[in-house]
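*Asks:* Please read through the structure below; I'll follow up with questions.
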Amino acid sequence: MKTSAPQSIESLEKRSSAITLSDMEIFIFPELLYSLLLANIMSPRIWAWREDPWFKGIEKMTPYRRVLRLKQFIMDQYEFNLDLDTWGLTTKDKELSRFKDIIDEETLRQSNALFGYEGDKYYFDIDIRRHFGLDKYTSDIIPYWKTETVEAMDAFRYRQGYTRSAGECVSLSTLYAAALFIVCRIPLEEIYLIATPLHSQNFVDVREGILTNNRRVVTKNMWFNGTEITYKAQRAIRNEQITIVAHNTGYIHSMYPEATIRQEAYRHFKDRLQSFLVTDVNAEIVANFLRQESRLQACFQVVGECHGKTRYIPAERLYAYEHNSPYRVSDRTREKLICEIDEDEFYPDPLPDRVSINIFEEFFKKHKIDLSRPEDLKRLREQFHCNNERGEEILEKLISFCRINPRYPDNNQSKTFIEEPPIELNTDMEREEILAYLESIRAEQPVADLAFHAHRDMTRIDWAPFLKAALERNPVSIESAKNLSDEQMIAHVTEFDQASIYDGPRLAQPDEVWNFARGDGIEKALCLANIWLHRHPDARVHLTSDGQKARLELNEKTLEFDSGKDLKVDRDLTPH
C-alpha cells in the first residue's frame, strides 16, 4: 500500500474530492475535470471497446467518421441521468463551511447555479429548483450531483429502472474524451473540455470542429440547422459563462487569476471555437433560422410547384409537415415536401403581407452578405417586410442565430499563465505504458496525481482521502437505510452481490455499493461503517483486511466478509 507524508488540509480535501467528484468539487478544484478524463483513460473498460465488433475497421476511417461511429455506440449504450436520488443531497451551509478558506459566498453565487447564478435564463424562467425537483426541500438543500467514472456509469445497468449505462453531463463529456483518445485515436491536443455552471461538453478540433453534447455530437452544419435538439445543445455556450477550459496542457478558470493552460493552446481553442460558432448567412441559413424561431414564421410564405401548378402556403404550415417527413424546407428537398401536402393546404395566389422565403435564393446569388457591415445589414433588412413591421426584430434574431459570442473564462479579466508540464500521451501508447508514464510524473504534475485518486487504485494512493470521502459524502446509503433497524441494515448490505463494480484493487464508495446492490467485502464493510457512524457517532469502528477477509468492528460486534481485492488495511474509522 502506498503511504505518503502528512497532507495539508487543502491537499487532503482536494484528493478526497477526486474520489467523489461532485460538480461543486470540480468547480472549486478545476484540476479534477482532467483528472477524471485520465482516470477513464487508465480504466480497462474503454480499452475493451476496441475489441467490440462495432469498431471493426475503425482505424481505416477518417477521424471525422470515427467520431460519428463512436457517437452511435454511446447513444446505444448510455443514457443521460440527473436524478437527485442517485447521489443524494447536501446543504449550502455545509458546502460553504467546507470551502470557506478557498472561495467566498459571493463569488460562488456569481458562478454556481445552485447558489444564485442565473446565466441561463431558460432555467430561471421555469424555476431551477422546481425543474430539478428541489422545490419540495428547504432552499438550503442542494444536490451533490457527483460525476461518475466509466465503471459507475456502467453499473447503472444494475440499478432498478435502468437497462443501460448512464451518467450526468460531466460523466458523459469525460467518457467521450477518453473514448475519442482510446478508440478514435484523436490526440489529446485536439480535445478541449468545456464546463459551464450547468453543463459540460467537449470541443474536438476535427475538420470544422465537433462539440460533444451529453450523448450526441454536433457538427458545424448541425449547429445551424435550427432544430429543437440543436437549440438545447447551444444553450450552455449561448447563455452561460464558460467556467473552465481544460486541456492536456492545463486549465483556465473564470474565477481564478492564474491559469496553467498553454497560452498558444488556449488562443487556438478560442479561434477554432469562435469559427465553429459563426456562419455566413444564405438562403438555407434563413430557412434554418425560421425553423428555430417558429414565432416569426407567420411573416413568411413558401412558393412551390407541383404537377405544373404554382402554389402558396404559409411557412408555419410547411414547417409543421417537416416533423413527419424526411424532406426539409431549408434544402433541395423542399419541392418533394410540398408535393406530399394535401391540396387544401395551399392558396392559388400569394398571401398578402408575407415575405416569400424563395426570394432569398435569388437574393443571395446576387449578394454576399457580411453581417458585420452596416450597408449589408441594411440591404438584408429590406427583404424582411411583413404586416407586423417586424423586420428589425427578424434581423436582430437572425444575427444572433448566425453569430454566438461566448463568455470565455478570461473575458474582461487579466490572467497570469503559469506553465506546468503537459500530459504528453500519444495514441500509439498502450494502457500499461500510460499508467507507467502518469505514475512517473505524479510528483510534478498535480493532475496526474489526482487522476490516480479518481482511478481509486488503493495500492497507488493513501487511504486517508478515500476514507474521508467515504465517511463524509455518501448520504444515499444513510438516508435509504433510515427505516431499517441496525440488524436489518447489516443483513441487507450483507446480502448484496459479492461483486465490485471496479476491477482489481480499486474500490467503490458506500453509495455506489448501495445504489448498485453489489460490492466486495471491504466495500460492504465501508458501506456499513458509513451508516453506523451516522447512527452512532460515538461508536468505536475499526476496519481490517488481510487480503482475503475484511473485518469490521462495531463496538463489541465484529462482522466478517470475503474479499477478493488482496488489500491489506488496518484503520480506526472512529471520528477524532
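The values are calculated or read from the model by the stated rules, or taken from the named source; none is laboratory data. Quick caveat: nothing in here was measured; it's all calculated off a predicted structure. Cβ sites come from the backbone with ideal geometry, for glycine too, and all protein chains shown count toward neighbours.
*Asks:* Tell me, which residue of the range 97-109 that is part of a helix (DSSP H, G or I) and either at pLDDT below 85 or outside the structural domain of Ser16 (by TED's automatic domain parsing) (or both) is surrounded by the most Cβ atoms within 10 Å (Cβ to Cβ)?
*Replies:* Leu108
*Asks:* Mind listing whichever residues of the range 501-539 are in a loop (DSSP other than H, G, I, E, B), of a type outside the set (S, T, N, Q) and under 19 Å from Ile478 (Cβ atoms)?
*Replies:* Initial filter on the range 501-539 (in a loop (DSSP other than H, G, I, E, B)): 501-505, 507-509, 517, 519-520, 536-539.
After this cut, where a residue has to be of a type outside the set (S, T, N, Q) as well, the list is 501-505, 507-508, 517, 519-520, 536-539.
Result: Leu507, Ala508, Ala517, Gly519, His536, Pro537, Asp538, Ala539.
Each row is one residue, and each column tells you yes or no for (1) at pLDDT 95 or above; (2) in contact with a Ser or Thr (Cβ under 6 Å, 6 or more places away or on another chain); (3) not assigned by TED's automatic domain parsing to the domain that holds Phe516.
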| position | (1), (2), (3) |
| --- | --- |
| Ala451 | yes, yes, yes |
| Ala469 | yes, yes, no |
| Ser485 | yes, no, no |
| Ile490 | yes, no, no |
| Val493 | yes, no, no |
| Gln498 | yes, no, no |
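*Asks:* So, one more: Please go through the range 24-35 and pick out each residue that is in a helix (DSSP H, G or I) and farther than 18 Å from Met458 by Cβ. Full working, then the answer.
*Replies:* Pass one, the range 24-35, residues in a helix (DSSP H, G or I): 24-28, 31-35.
Those that are in a helix (DSSP H, G or I) and farther than 18 Å from Met458 by Cβ: Met24, Glu25, Ile26, Phe27, Ile28, Glu31, Leu32, Leu33, Tyr34.
*Asks:* Anything in the range 22-61 that is farther than 14 Å from Val150 by Cβ, of a type in the set (Val, Ile, Thr) and modelled with pLDDT of 95 or more? List them, or say none.
*Replies:* Of everything in the range 22-61, just one residue is farther than 14 Å from Val150 by Cβ, of a type in the set (Val, Ile, Thr) and modelled with pLDDT of 95 or more, namely Ile58.
*Asks:* May I pose another question? Only one of (1) assigned to a loop (DSSP other than H, G, I, E, B); (2) of a type outside the set (Asp, Glu); (3) within 25 Å of the chain's Cα centre (by Cα) fails for Arg460. Which number is that?
*Replies:* Status for Arg460: all satisfied but (3).
*Asks:* Does Asp140 count as in the same structural domain as Pro30 (by TED's automatic domain parsing), modelled with pLDDT of 75 or more and over 29 Å from Met42 (Cα atoms)?
*Replies:* When the stated conditions are applied, Asp140 passes them.
*Asks:* Taking the range 374-389 only, how many residues are modelled with pLDDT under 85 and outside any loop (DSSP other than H, G, I, E, B)?
*Replies:* The number of residues fulfilling the criteria is 0.
*Asks:* Quick one: count up the residues across the range 50-69 that are out of contact with any helix residue (DSSP H, G or I) (no Cβ under 7 Å at 6 or more places or on another chain), part of a helix (DSSP H, G or I) and without any contact (Cβ under 8 Å) to a residue 60 or more places away in the chain.
*Replies:* 3
*Asks:* If you take the residues of the range 240-269 that are in contact with a His (Cβ under 6 Å, 6 or more places away or on another chain) and not small (Gly, Ala, Ser), which of them is surrounded by the most Cβ atoms within 10 Å (Cβ to Cβ)? Reasoning before the result, please.
*Replies:* If we filter the range 240-269 for residues that are in contact with a His (Cβ under 6 Å, 6 or more places away or on another chain), which is where we start, we get 244, 261, 265.
Still in the list and also not small (Gly, Ala, Ser): 244, 261.
Details: Ile244: 24, Ile261: 27.
By that ranking, first place goes to Ile261.
*Asks:* Checking the conditions here, which among Tyr192, Tyr158 is crowded, with 22+ Cβ neighbours inside 10 Å, in the same structural domain as Trp87 (by TED's automatic domain parsing), over 17 Å from Arg238 (Cα atoms) and touching a strand residue (DSSP E or B) at 6+ places or on another chain (Cβ under 7 Å)? Spell out the reasoning first.
*Replies:* On the way: Tyr158 fails: crowded, with 22+ Cβ neighbours inside 10 Å.
Being crowded, with 22+ Cβ neighbours inside 10 Å, in the same structural domain as Trp87 (by TED's automatic domain parsing), over 17 Å from Arg238 (Cα atoms) and touching a strand residue (DSSP E or B) at 6+ places or on another chain (Cβ under 7 Å) holds for just one of Tyr192, Tyr158, which is Tyr192.
*Asks:* Out of the residues in the range 486-519 that are crowded, with 20+ Cβ neighbours inside 10 Å and polar (S, T, N, Q), state the one that is nearest to Gly547 (Cα to Cα). Full working, then the answer.
*Replies:* Step one: filter the range 486-519 for residues crowded, with 20+ Cβ neighbours inside 10 Å, giving 489-490, 493, 500-502, 506-516, 519.
Next, from what is left, pick out any that are polar (S, T, N, Q): 500, 509, 515.
Working: Ser500: 15, Gln509: 18, Asn515: 25 Å.
Of everything passing the filter in the range 486-519, Ser500 is nearest to Gly547 (Cα to Cα).
*Asks:* Give me a count of the residues in the range 390-418 that are touching a helix residue (DSSP H, G or I) at 6+ places or on another chain (Cβ under 9 Å), modelled with pLDDT under 90 and assigned to a loop (DSSP other than H, G, I, E, B).
*Replies:* Of the residues in that region, 1 qualify.
*Asks:* Using the structure shown, decide if Ala155 is touching a helix residue (DSSP H, G or I) at 6+ places or on another chain (Cβ under 6 Å), in a helix (DSSP H, G or I), within 14 Å of Leu33 (Cα to Cα) and modelled with pLDDT of 95 or more.
*Replies:* When the stated conditions are applied, Ala155 does not pass them.
*Asks:* Ok, one more. Regarding Arg473, is this residue at positive phi and surrounded by 20 or more Cβ atoms within 10 Å (Cβ to Cβ)?
*Replies:* no
*Asks:* Identify, please: which residue in the range 362-372 is farther than 20 Å from Glu393 by Cβ and not acidic (Asp, Glu) and is, among those, surrounded by the fewest Cβ atoms within 10 Å (Cβ to Cβ)?
*Replies:* The residue in question is Lys366.
*Asks:* Just for the range 82-96: of the residues that are at pLDDT below 90 and assigned to a loop (DSSP other than H, G, I, E, B), which one is farthest from Val476 (Cα to Cα)?
*Replies:* Here the residue is Leu82.
*Asks:* Considering only the range 479-500, I want to know if a residue exists there that is assigned to a helix (DSSP H, G or I), farther than 18 Å from Lys568 by Cβ, aliphatic (A, V, I, L, M) and in contact (Cβ under 8 Å) with a residue 40 or more places away in the chain.
*Replies:* yes
*Asks:* What tally of residues in the range 277-303 results from selecting those that are of a type outside the set (A, V, I, L, M, F, W, C) and under 22 Å from Asn405 (Cα atoms)?
*Replies:* As a first pass, look at the range 277-303 and keep what is of a type outside the set (A, V, I, L, M, F, W, C): 279-280, 282, 284, 288, 291-295, 297, 301.
So of that shortlist, the ones also under 22 Å from Asn405 (Cα atoms) come out as 279-280, 282, 284, 288, 291-293.
Result for the range 277-303: 8.
*Asks:* Take Ile423 and decide whether it is in the same structural domain as Asn239 (by TED's automatic domain parsing), out of contact with any Phe, Trp or Tyr (no Cβ under 9 Å at 6 or more places or on another chain) and hydrophobic (A, V, I, L, M, F, W, C).
*Replies:* For Ile423, the condition - in the same structural domain as Asn239 (by TED's automatic domain parsing), out of contact with any Phe, Trp or Tyr (no Cβ under 9 Å at 6 or more places or on another chain) and hydrophobic (A, V, I, L, M, F, W, C) - is not met.
*Asks:* Another question about this same structure. Which residues, counting only those in the range 236-259, are farther than 16 Å from Ala195 by Cα and over 21 Å from the mean Cα position of the chain (by Cα)?
*Replies:* Pro257, Glu258, listed by residue number.
*Asks:* In the range 549-576, which residue that is in a loop (DSSP other than H, G, I, E, B) and more than 38 Å from the chain's Cα centre (by Cα) is surrounded by the most Cβ atoms within 10 Å (Cβ to Cβ)?
*Replies:* Asn555
*Asks:* Here are some residues: Ser372, Ser356, Ser400. Which one is under 16 Å from Pro314 (Cβ atoms) and polar (S, T, N, Q)?
*Replies:* Ser356
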